[in-house]
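Accompanying notes for the structure given below.
The values are calculated or read from the model by the stated rules, or taken from the named source; none is laboratory data. From a predicted model like this one, the values you see are computed outputs, not experimental measurements. Glycine gets a Cβ as well: all are built from the backbone with ideal geometry, and neighbour counts include every protein chain shown. Surface areas here come from the heavy atoms of the whole protein model, side chains and all, with no ligands, DNA or RNA. Shrake-Rupley method; radii C 1.70, N 1.55, O 1.52, S 1.80 Å.
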Amino acid sequence: MNTEEKIQQLRDELNNHNYNYYVLDNATISDFDFDIKLKELEKLEKENPIFFDANSPTQRVGGTVTKNFKTVVHKNRMYSLDNSYSKEDLFDWEKRVEKVLGSTDLEFTCELKFDGASINLTYENGQFIKAVTRGDGFQGDEVTNNVKTIRSIPLSIKKDFISDFEMRGEIILPLEGFIKMNEERLENGEEEYRNPRNTASGSLKLQDSSEVSKRPLDCLLYQVVTLERKYKTHFESLENARKVGFKVPKSIKLAKTIDEVYNFVNYWDANRHELPYETDGIVIKVNNLQQQEELGYTAKAPRWAIAYKFKAEQVSTILNEITYQVGRTGAITPVANLNPVQLAGTTVKRASLHNADQIDKLDIREKDTVFVEKGGEIIPKIIAVDFTKRLETSIPTIYATNCPECNTALVRTEGDAKHYCPNEFGCAPQITGRIQHFISRKAMDIDGLGGETVDLLRKEGLIQNYADLYDLKVEQVIPLERMAEKSAQNMITGIEKSKEIPFEKVLFALGIRFVGETVAKKLAKHFKSIDNLMKATFEELVKADEIGDRIAQSIIDFSNNLENMQLINRLRSYGLRLEVSAESLENQTDKLLGQVFVVSGVFHQLSRNELKKAIEDNGGKVSASISKKTNFIVAGDNMGPSKLTKAQDLGVSIISEQDFIDKIN
Ligand code: AMP
Ligand code: ZN
């Protein structure tokens with residue numbers, strides 16, 4: 001085999017694995033082996049630049065930066081859809097269609113209406129050429145480099161399909177990925193994203209495509225646009241599109257009558273919450289492509305299709321009071337306290353109002369009657385005020401000017417949606433929040449001390465910051481409410497033991513804004529000690545892997561604060577690890593590179609944390625839950641039965657503690 005053939009073979013193979021994994025949901029290679037092949041291909045391509053191909057699987061990781069997205073005119077206009085809300089609407093639509101066609105010989109496809117950002121993918125000679133957003137329907141923005149990072153989109157189609165076509169679809173952010181992104185944001189002290197749809201469309205417009213490649217985006221396809229007459233029906237064209245590599249959801253169904261269509265509607269109205277992504281309705285299309293052509297378009301939508309919108313479950317209730325919550329970073333969140341009301345199976349008492357702008361936009365006031373909705377979304381939200389029920393005595397909401405906890409005047413920096421309480425070291429929820437973060441599992445992991453006890457200790461005046469924990473004595477703790485001698489002793493032991501926690505975790509525990517778990521690891525690896533990090537200049541900081549301006553500035557702000565420096569000196573005096581240990585540098589290997597582990601149960605030779613550390617030190621990854629990506633479960637005693645079944649279902653290897661130790665030695 002010559003080099004060109006070798007390169008081609010690797011590309012085909014990798015494309016095929018991507019397809020199996022991202023489209024069919026069926027892994028055919030381990031992440032580890034995939035990475036090896038990808039690296040091999042990268043190397044060959046680098047050595048042989050004449051065989052460069054913009055559609056090679058190596059091009060998916062991104063790296064290009066787009067400052068201004070080019071406007072591109074659509075070859076075929078992207079229409080919107082007419083809406084329907086009842087069975088009668090559907091019958092009326094059927095009648096209109098029959099009238100135009102002069103025939104009652106009809107068949108329909110029923111599809112889910114995916115809630116994301118519409119995209120048009122152009123292919124020529126089976127090669128992916130460009131991706132353009134819907135824009136105003138006539139022209140959109142070219143986002144090719146960003147879209148290319150979505151692994152479920154095929155970049156070249158080898159098999160028998162049509163050669164020149166456009167694929168229409170929706171870029172979505174599945175719920176699991178969305179929730180995970182938000183957990184990370186919270187951890188970093190950032191504001192949460194509101195909903196998956198806006199986050200998906202926002203992701204397409206990120207300037208750095210390598211950022212996009214990290215987001216768990218997906219693309220679901222629903223229409224093939226082409227002049228080639230290969231397929232007679234919409235259904236057939238989609239089924240074939242799926243076969244050659246496109247992610248066309250299997251939920252698509254054929255229906256002969258509106259009654260059958262309506263069964264589909266009812267089924268998904270009841271079951272849509274089980275889907276891994278959001279849907280806000282159904283789309284019904286005339287199946288025969290010849291008939292579609294005869295029907296044509298109105299000024300804004302095809303006559304051959306109609307959307308059926310699910311009713312978002314909505315109730316009205318009274319807003320009793322707007323209160324303000326202070327987060328550990330000092331961010332203020334206004335909260336609507338509602339008269340408890342039943343909604344989509346749960347009792348809703350509170351809803352976030354996000355920030356001052358949102359309150360202005362809704363013109364929401366205390367004692368108003370408000371509409372609360374739970375659509376596809378998980379979190380209830382207030383849609384609007386019922387102005388017909390507004391009391392005459394009602395007065396406009398004046399946003400809090402002072403912190404509800406410490407009365408310090410709130411500040412709002414330009415560009416920030418939220419107000420902040422600047423009283424970092426004197427504001428109770430910030431103090432408690434920071435200490436709670438410090439002791440949390442992913443940080444100092446202090447056994448025997450919980451979030452409520454932290455609050456109690458602070459109220460009793462025993463701790464004001466995390467360094468104070470290390471001065472606590474058993475005798476001081478025992479007199480506290482509900483504190484037995486044994487638990488007091490456990491707590492002190494737990495605190496003592498935390499002095500062994502490695503530097504990267506201590507760094508995360510400090511709670512520097514935007515320094516989450518992963519960033520802390522990167523910083524620890526790069527700077528090796530807290531002293532190096534605190535001395536680093538802005539320029540030195542941004543040179544480190546994945547450290548941007550915002551993180552760098554936040555570290556500078558932290559190090560410029562004298563109180564923070566005093567805290568660090570105290571932590572040092574208690575013996576906490578403020579630098580990477582020599583042995584940890586020594587013990588690091590690549591033995592488990594690319595392998596994902598889940599740790600479950602009780603162990604004998606190593607503690608859970610030692611086990612996790614051993615995985616990471618050897619280049620492996622630890623994940624909290626079992627998924628298709630998991631390679632091994634290290635099972636101790638009493639591993640949960642549900643985990644066991646899941647592992648067996650997914651075919652994940654289950655190994656013992658001893659197996660693991662043998663593996664790394
Ligand atoms: P609307 O924006 O409400 O006018 O609805 C039209 C949009 O629905 C289209 O631009 C598509 O982005 C989106 N859509 C989602 N799922 C489908 C589907 N299965 N078929 C057609 N359009 C869909
Ligand atoms: Zn405050």
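Just to be sure, is Arg441 without any contact (Cβ under 8 Å) to a residue 12 or more places away in the chain and basic (Lys, Arg)?
It is true that Arg441 is without any contact (Cβ under 8 Å) to a residue 12 or more places away in the chain and basic (Lys, Arg).
Considering only residues of region 616-656 that are among the charged types (D, E, K, R), more than 9 Å from Val598 (Cα to Cα) and open to solvent by 30 Å² or more (accessible area, probe 1.4 Å), which is modelled with the lowest pLDDT?
Filtering first and then ranking leaves Lys643.
Residues are listed down the side, and each one gets a yes or a no for (1) under 30 Å from Gly177 (Cβ atoms); (2) free of Cβ contacts under 8 Å to residues at least 60 places away in the same chain:
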site: Glu540; (1), (2): no, yes
site: Ala544; (1), (2): yes, yes
site: Arg570; (1), (2): no, no
site: Leu576; (1), (2): no, no
site: Glu579; (1), (2): no, no
site: Leu593; (1), (2): yes, no
site: Val596; (1), (2): yes, no
site: Ile626; (1), (2): yes, yes
site: Ser642; (1), (2): yes, yes
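Taking the condition free of Cβ contacts under 8 Å to residues at least 60 places away in the same chain and part of a helix (DSSP H, G or I), does Thr630 pass?
no
Here is a list of conditions, (1) of a type outside the set (S, T, N, Q); (2) without any contact (Cβ under 8 Å) to a residue 40 or more places away in the chain; (3) part of a loop (DSSP other than H, G, I, E, B); (4) open to solvent by 30 Å² or more (accessible area, probe 1.4 Å), and Leu480 meets all of them except one; can you say which number that is?
(4)
Considering region 81-95 alone, what residues qualify as being within 17 Å of Val286 (Cβ to Cβ), open to solvent by less than 60 Å² (accessible area, probe 1.4 Å) and either more than 16 Å from ligand 1 (Cβ to nearest atom) or over 30 Å from the mean Cα position of the chain (by Cα) (or both)?
Within region 81-95, Asp82, Ser84, Asp89, Leu90, Trp93, Glu94 qualify.
Within the bounds of region 435-444, is there any residue that is in a loop (DSSP other than H, G, I, E, B), farther than 27 Å from Glu610 by Cα and away from ligand 1 (no atom under 16 Å from the Cβ)?
No, because not a single residue in region 435-444 is in a loop (DSSP other than H, G, I, E, B), farther than 27 Å from Glu610 by Cα and away from ligand 1 (no atom under 16 Å from the Cβ).
Which of the residues belonging to region 218-234 are charged (D, E, K, R) and open to solvent by less than 50 Å² (accessible area, probe 1.4 Å)?
Matches in region 218-234: Asp218 only.
Can you report the number of residues in region 451-468 which are in a loop (DSSP other than H, G, I, E, B) and away from ligand 2 (no atom under 16 Å from the Cβ)?
Residues flagged as in a loop (DSSP other than H, G, I, E, B) and away from ligand 2 (no atom under 16 Å from the Cβ) within region 451-468 amount to 4.
Checking Lys113 against (1) away from ligand 1 (no atom under 16 Å from the Cβ); (2) open to solvent by 30 Å² or more (accessible area, probe 1.4 Å), which test does it fail?
Here Lys113 meets the rest and fails (1).
Answer yes or no: is there a residue in region 425-432 that is open to solvent by 30 Å² or more (accessible area, probe 1.4 Å), more than 12 Å from ligand 2 (Cβ to nearest atom) and not hydroxyl-bearing (Ser, Thr, Tyr).
The answer is no; no qualifying residue exists.
Within region 312-326, track down each residue that is out of contact with any Asp or Glu (no Cβ under 9 Å at 6 or more places or on another chain) and closer than 16 Å to Val385 by Cα.
Result: Thr317, single match.
Give the residue that is nearest to ligand 1 (Cβ to nearest atom), with candidates limited to residues of region 64-80 that are open to solvent by less than 50 Å² (accessible area, probe 1.4 Å) and not hydroxyl-bearing (Ser, Thr, Tyr).
Met78
Would you mind stating whether Glu321 is under 27 Å from Gln430 (Cβ atoms), away from ligand 2 (no atom under 16 Å from the Cβ) and exposed (fewer than 14 other Cβ atoms within 10 Å of the Cβ)?
So Glu321 fits the description; yes.
Name the single residue that is modelled with the highest pLDDT among those in region 523-549 being under 20 Å from Gly620 (Cα atoms) and surrounded by fewer than 17 Cβ atoms within 10 Å (Cβ to Cβ).
Looking at the filtered set, the residue picked out is Lys525.
Being open to solvent by less than 40 Å² (accessible area, probe 1.4 Å), in the same structural domain as Cys403 (by TED's automatic domain parsing), over 17 Å from Val385 (Cα atoms) and touching a Pro at 6+ places or on another chain (Cβ under 7 Å), is that true of even one residue in region 327-339?
So far as region 327-339 goes, yes, one or more of its residues are open to solvent by less than 40 Å² (accessible area, probe 1.4 Å), in the same structural domain as Cys403 (by TED's automatic domain parsing), over 17 Å from Val385 (Cα atoms) and touching a Pro at 6+ places or on another chain (Cβ under 7 Å).
Is it the case that Lys389 is outside the structural domain of Glu184 (by TED's automatic domain parsing) and farther than 30 Å from Gln489 by Cβ?
When the stated conditions are applied, Lys389 passes them.
Return the residues of region 398-411 that are touching a residue at least 12 places away in the same chain (Cβ under 8 Å) and away from ligand 2 (no atom under 11 Å from the Cβ); say none if nothing qualifies.
Result: Tyr399, single match.
Answer with yes or no whether Gly116 is more than 16 Å from ligand 2 (Cβ to nearest atom), closer than 30 Å to Tyr19 by Cα and of a type in the set (Gly, Ala, Ser).
The answer is yes for Gly116.
In the list Gly448, Gly415, which residue meets the criterion of being more than 16 Å from ligand 2 (Cβ to nearest atom) and touching a Gly at 6+ places or on another chain (Cβ under 8 Å)?
Criteria check complete, one pass: Gly448.
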